[in-house]
Every structure is written in C-alpha cells, then in structure tokens.
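Reading through the structure tokens given below for one structure.
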Amino acid sequence: MARSVSPVIPGFNLTLGYTLVYLSLIVLIPLAGMLVYAAQLSWQDFYRIISTPQVVSALKLSFGAALVAALVNGVIGTLLAWVIVRYRFPGRKIIDALIDLPFALPTAVAGIALTTLYAPKGLLGQYASDMGIKVAFTPFGIVLALTFVTLPFVVRTIQPVLEDIPRELEEAATCLGANSFQVLRHVLIPALLPAWLTGFTLAFARAVGEYGSVIFIAGNMPGKTEILPFLIMVKLDQYDYLGATAIGVMMLVVSFVFLLLINLLQRYLIKH
Amino acid sequence: MSTLVLSATRQRNLGALTLIGCAWLVFVVFLVLPLYVVLSEAIQQGYASFFTAVLEPDAIAALKLTLIAVGISVPLNVVFGVSAAWCVSKYEFRGKSLLVTLIDLPFSVSPIIAGLIYILLFGAQGFFGEWLAEHDIQIIFAIPGIVLATLFVTVPFVARELIPLMQQQGTQEEEAARLLGASGWQMFWHVTLPNIRWGLTYGVVLCTARALGEFGAVSVVSGHIRGFTNTLPLHVEILYNEYNHVAAFSVATVLLVMALLMLILKQWAQERLEK
C-alpha cells in the first residue's frame, strides 16, 4: 500500500498503525458514538428538538457572532500582520510576542477579564455606557470575546506569506505606473487571499464552538444571549442526553457545511 | 518634481504612522487591558488576600488535578504527534490527505461536544454506563474523564507543528544514517529527533498551554466536585460565580503567569527554530 519516498526509511507500519489506533480511540470512535446515540431519535423528534425557538435563536447567534468575529479578525489581523512585517517601530517585538496570548490564556480567565473590563462600571464599559452602548451581557459582548480568543489565527496565517512577498514586486508594479490601490488589488490581495481565508476559517471554526470565554460575558439570557454550546450544557445538566446530542449533531453538521463552502471558495480562488 | 516626491514620502509616512498607531491601539485594548484587569482585580485588597486564595486547600487540589491532566495528556499527544508526523511526512500512501484532515478534526469540534461524546460513552446513561457501574469504575465526574477530555482537545497540536517541518526536511539525512548502518531507533534518536527538537518544543508548549487552560470539555465531564474533580480553570469559574471576585482573579493570576511562561518558552523555541 505504501509507496515510500525512499525504501530504506523504516517504521511505516508502526507509525501508521499507532496513529490510526490512537486517533480512533480518542477521536473517531467517540465522535461516531455520538452519531449512533443520535440514531435513537426519529427524524420528527430530532427536528422537534432543533426547531424550538430557543435552539433556533442560539443557532443564529452562535454562527452569526462567529462570522462577525472572524470578519473583524480578518481586518484587524491583517492590520497587525502588515504592521509587524512591514514596519520597524518601538514595541514591535512585544506586540509580535503577545499576539499569541489568547491561545495561551485559559478561556475562563479571558472570559472573566473581559466581563469585568466591559461591565457597565468596568474600565472600558463605563465609557461605552456613557455613550449608551451596552457591551457585557449582549451579543456585542459575545462577538468581542470571540474576537479576542481567535485574534492570533489571521495574523499567524498571513504573516509568513507577507514576509515572503518580495518588496521588489510592489516596487516593480509602482514603477510600471500602478497606484497604491492597483498594487493592493493586483499584487497583494491575490498573494494573501488564500492564507487569509485559511486564517478566517480557523477563526470561524474555533469561534463557533467556543464556550469558556463567552459564557461569562454573555449573561446567557434565554432566547437572547444563549449560544449553542451553552444550550448543550443546560440539557446535560437536566440529564437530557438525547436533547444535548441532537443539538451537538446539528452543530457539527452546520459547521461542516460552512467549512466545506469556505474550502470550495478557496479552491475556486486559487484556480482563478 | 522634488517637492512632489517629498510630499509623496510624507504621505506614505503619515499612512505608516496611522497604521502603526492603530496596531498599538488594538494591542492595548485587546491584549494589555485584559492582563491589567486580571492583575489589578487580584491584588485590589492587598497581597494577603491574594495568597490566601491561591494557597487554600481547594485551590491547591485544583492545581494538582490540572497538573495531572497536563502530565498525562501532553506526553501521550507528543508520542502520537511524532508518530503521525512520521508516517505523513516520510511516506506516500492513499488516503494521506484524509488522515491529515482527521488529525485536525478536534480543532473544529466544540469543546462542549468533546465532553459530551465521553458522557455518551461512559456516563450513567451511556453505552458502557451499566457495565462500568457494575464493575465500580468511574470515568465521568472523575479524573479519567478529565484526562480524556483534555486529550481530545489537544490531539492535533504536536502533529500540526511537526508535519510541515518534517516534510520540508525530507528524508536524505535519515537515508544516509540507514546506509551507514544505523538501526531504525538509532536513526530516530540521533538524526530525526535533533532535527525536529525545536519544532517539537514549539508543539509541546502549545499543547501544554491548551491542556492547562481547557475549560469547556473538562467542565462537561468534571461534575465540579470541589477538592476532587475541579481543575484550576473550573475553580476560577466557581469562585467567580460565588461573587468572590478577588479569589477568582487571584487564581486566574496563577493561570495567567503560567500562560506568560508558555509564551516565553514558545518565543524561545521559535527563535531557535528560525535559526
């Protein structure tokens, strides 16, 4: 089955076997178990569970907030990557190193920190409430928390690509009479777009499932600021395993449809 | 002409300054202020209450449990990561890209679902629930469940870092070692491992950071029994929900310090890697 790159490297059966067994035990069989468990439900029951107003509004909120957070990251992530790669300025190394903080910081810590920061009497929340904007315990707060935890994705995926684009390419374009907008449109965007989409997808996928950083700032008001993972948690607390499973399966399916669409878009863009 | 060039450079500088300013603003609002809030809330009533919260028995028990979960899940995922990266990067076989997709799968599954699937397997109403109860084995609401949930969410980290690195390094050095008479293990210890050590360190750091801080998956399977099945992040949640903010932020500070330590290690490994 294996066509080794070179016949003298040993360990194919061992490593492939171990990889498959481990992956099956920890990831694949338990995930498949969830689908088998869900099969106890008839289609009608499944539909009844996932079409309650509470679930539908959580579905919209989860995917909507994740989409907005990924888009916001698409903008500020690109800005950060651009500035770190292209300019030399005081504090550049610190910014570069701390970009990964949201990956390293436990999400529960991020959650309580953001909630305190943006609560109506918090350090930033007081200015927001002076302006009549409520952040904590609203969908806005959820988007904020999701933007925080997924901040590094876009930066880290486009940073290496940006470093590899030769400056001469832009200079050549400028010398040939292109203005900055044309350089952006014809040189930078085509080179960065695939990596940007990868970062966007990673951020989106992570944001959809995120729990720890969101539940504190969300306030979890039924029908208003409940996210899907929180609803699963509620069902589990009520020992409603079937209900939790139905929502879990629906969430996985919708996620994969989204990821598939983004993947197709990415392939289309690379071809054209 | 020269004034035209001058104004163009000035315009460009202005643009650069604006962008740098925006980046600083994002950095301060998004990354520095949350750090500041954690620290300032933790010590707002002085250092004594900080140390009381951090050193109380439940917090120490939570720290121990977190370290147990990290101590089991990280080594297992390191062995898996090296093994997976080896077979993906050194061989061509059918279904390889499917395998890579499956390795990355836990990244796109919600941590809550990661916890849920183990409840469905090992919980009281789960597939093996009755059997486990008869044999008096407890997985859910106990340490094994916490370890399993942590394992699931951290599966891809090491493999993810090693696969591109090992693909880029190719197989020449390993082939040379084999042709000079090295056994498979000698080749691995003396050729492969030194080549991948910084990439491996990088993966281990990311994996450890996530295992230390995992919340959602662990929360589902833990049962929140203080002193027994409470990890450090769960302990933060309990304290916070009891309106004991000073204690919550004090314990959060411990986690924050660990996170910063991980960032420093990561930076160090990355600089070695780039050399």
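Values quoted throughout were computed directly from the atomic coordinates according to the rules given, and no laboratory measurement underlies them. Source: prediction; values computed, not measured. Positions of Cβ are backbone-derived with ideal geometry, glycine not excepted, and every protein chain shown enters the neighbour counts.
The table below gives the values:
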| read-out | value |
| --- | --- |
| Top of A:Phe200, A:Phe258, A:Phe12 by mean-square fluctuation, Gaussian network on chain A, Cα under 10 Å | A:Phe12 |
| Inter-site label distance for A:Asn179 and A:Val56 at 7 Å from Cα along Cβ, in nm | 4.8 |
| Size of electric dipole in chain B: Cβ of Lys, Arg +1 and of Asp, Glu -1, about Cα centre, debye, nearest 20 | 960 |
| Rounded to the nearest 20 debye, dipole of the protein assembly as shown from Cβ charges on Lys, Arg, Asp, Glu | 1260 |
| Peptide A:233-242, shielding by other chains (average Cβ, 10 Å cutoff) | 3 |
| GNM flexibility winner over chain A from A:Gln159, A:Gln40, A:Gln126 (Cα, springs under 10 Å) | A:Gln40 |
| Shielding by partners, peptide A:20-27 (average Cβ within 10 angstrom, other chains) | 6 |
| Positive-end residue of B:Gly123, A:Ala66, B:Leu25, charge dipole of the protein assembly as shown with Cβ unit charges | B:Leu25 |
| Net length gained if the chain between B:Ser40 and B:Thr18 were fully extended (0.36 nm per residue, minus Cα distance) | 4.9 nm |
| Computed E for A:Asp130/B:Ala133 - FRET, C-beta separation, R0 41 angstrom, nearest 0.05 | 0.10 |
| Debye-sum result for the range B:1-131 in log10 I(q)/I(0), which assumes one identical scatterer on each alpha carbon, at q = 0.11 Å⁻¹ | -0.90 |
| Cα-derived Rg to Rh of the range A:31-86, Kirkwood definition | 1.31 |
| For chain A, with +1 on Lys and Arg beta carbons and -1 on Asp and Glu, the positive-most of A:Ile84, A:Gly33, A:Ser213 along the dipole | A:Ile84 |
| Förster-model FRET efficiency, 22 Å R0, A:Glu163 and A:Arg92, C-beta, rounded to 0.05 | 0.95 |
| Descending semi-axes in whole angstrom, ellipsoid equivalent of the range B:25-93, from the Cα gyration tensor | 40, 23, 5 |
| Rounded Å value of the spacing that divides the Cα centres of the range B:30-84 and the range A:192-240 | 23 |
| Point-charge dipole on Cβ atoms (K/R +1, D/E -1) for the range B:1-127, about Cα centre, debye to 20 | 600 |
| Sorted peptide list for A:109-119, B:125-135, A:77-87, criterion being average Cβ within 10 angstrom, highest first | A:109-119, A:77-87, B:125-135 |
| Reach of B:Lys96 by Cα under 19 Å, taken over aspartates and glutamates that are not fewer than 8 positions away in the same chain | B:Asp104, B:Glu161 |
| Per residue convex hull volume, Cα atoms of the range A:4-55, in Å³ | 126 |
| Span-rule helices in chain A, defined as complete DSSP H runs reaching 24 Å or more along the axis (Cα) with Kyte mean at least 0.5 | A:53-86, A:189-209, A:241-271 |
| Percentage relative contact order, chain B, counting C-alpha pairs under 8 Å, at least six apart | 31 |
| Per-residue mean of C-beta atoms belonging to partner chains within 10 Å, peptide A:77-87 | 3 |
| Alpha carbon convex hull of the protein assembly as shown, projected area averaged over orientations, nm² | 30.2 |
| Residue-span extension gain [B:Val32 to B:Asp104] - 0.36 nm each, minus C-alpha spacing | 22.9 nm |
| In range of the label at B:Leu25: residues from the range A:65-89 whose backbone nitrogen is under 18 Å from the point 7 Å along Cα→Cβ | A:72-84 |
| Chain B: most fluctuating residue of B:Gln172, B:Gln45, B:Gln138 per GNM, C-alpha cutoff 10 Å | B:Gln172 |
| Gain on full stretching of the segment that runs from A:Leu123 to A:Met221 - 0.36 nm per residue minus C-alpha separation | 32.9 nm |
| Among B:Thr101, B:Val221, B:Ala69 - extreme Cα towards positive end, dipole of chain B, charges at beta-carbon | B:Thr101 |
| Rounded FRET efficiency, nearest 0.05, which uses the C-beta distance separating B:Ile143 from B:Arg226 and R0 of 22 Å | 0.95 |
